[in-house]
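We did not get these values from a lab; they are worked out from the coordinates using the rules stated. Every value quoted in this text rests on a predicted model; they were computed, and no experiment measured them. With ideal geometry, Cβ positions are generated from the backbone for all residues, glycine too; neighbour counts draw on all protein chains shown.
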């Protein structure tokens, strides 16, 4: 089975479990990933992001396999359109 077939057959749940394992360095049962498991899992997660999710967020992989870099201005514009959760002044604490 080639990598494209593997990634396209991967479910969202599998992707989430692999992503969590790569982020924490542990499988869901708490056992640590070996270095080769971590590398393979990270590659699978990155391929899934490129082939299936097609993310365009800052510091994610694009369809060409390159990292998306957004300028400071682009990030400001992106976050300006989102409503704030809360704003506090220093004296509020």
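So if we plug the beta-carbon distance of residue 11 and residue 86 into 1/(1 + (r/R0)^6) with R0 = 41 Å, what FRET efficiency do we get, rounded to 0.05?
The value I calculate is 0.70.
For a Förster distance of 41 Å, can you work out the FRET efficiency between the beta-carbons of residue 43 and residue 76, rounded to the nearest 0.05?
Approximately 0.80, to the nearest 0.05.
What percent do you get for the relative contact order of the chain when only Cα pairs under 8 Å and 6+ apart count?
Relative contact order comes out at 18 percent.
Enter the angle in degrees (range 0 to 90, nearest 10) between the Cα long axis of helix 35-48 and the first principal axis of the Cα atoms of the chain, meaning the one along which they spread out most.
The helix 35-48 is inclined about 70 degrees to the chain.
Which of these values of P(r) over Cα pairs in 10 Å bins from 0, in percent was calculated from the structure shown: (1) 14, 32, 27, 18, 7, 1, 0; (2) 11, 21, 18, 17, 12, 12, 8, 0; (3) 11, 16, 12, 13, 10, 10, 23, 4?
Among (1) 14, 32, 27, 18, 7, 1, 0; (2) 11, 21, 18, 17, 12, 12, 8, 0; (3) 11, 16, 12, 13, 10, 10, 23, 4, the one calculated here is (1).
Compute the long axis of helix 12-24 from its Cα atoms, compare it with the longest principal axis of the Cα atoms of the chain, and write down the angle in degrees, 0 to 90, nearest 10.
Taking the Cα atoms of the chain, the angle to 12-24 is about 80 degrees.
Do the sum for the chain: with -39,500 (n - 2.57) for every DSSP H run of n ≥ 4, divided by all residues, what is the mean residue ellipticity at 222 nm, to the nearest 500 deg cm²/dmol?
Value at 222 nm, helices only: -14000 deg cm²/dmol.
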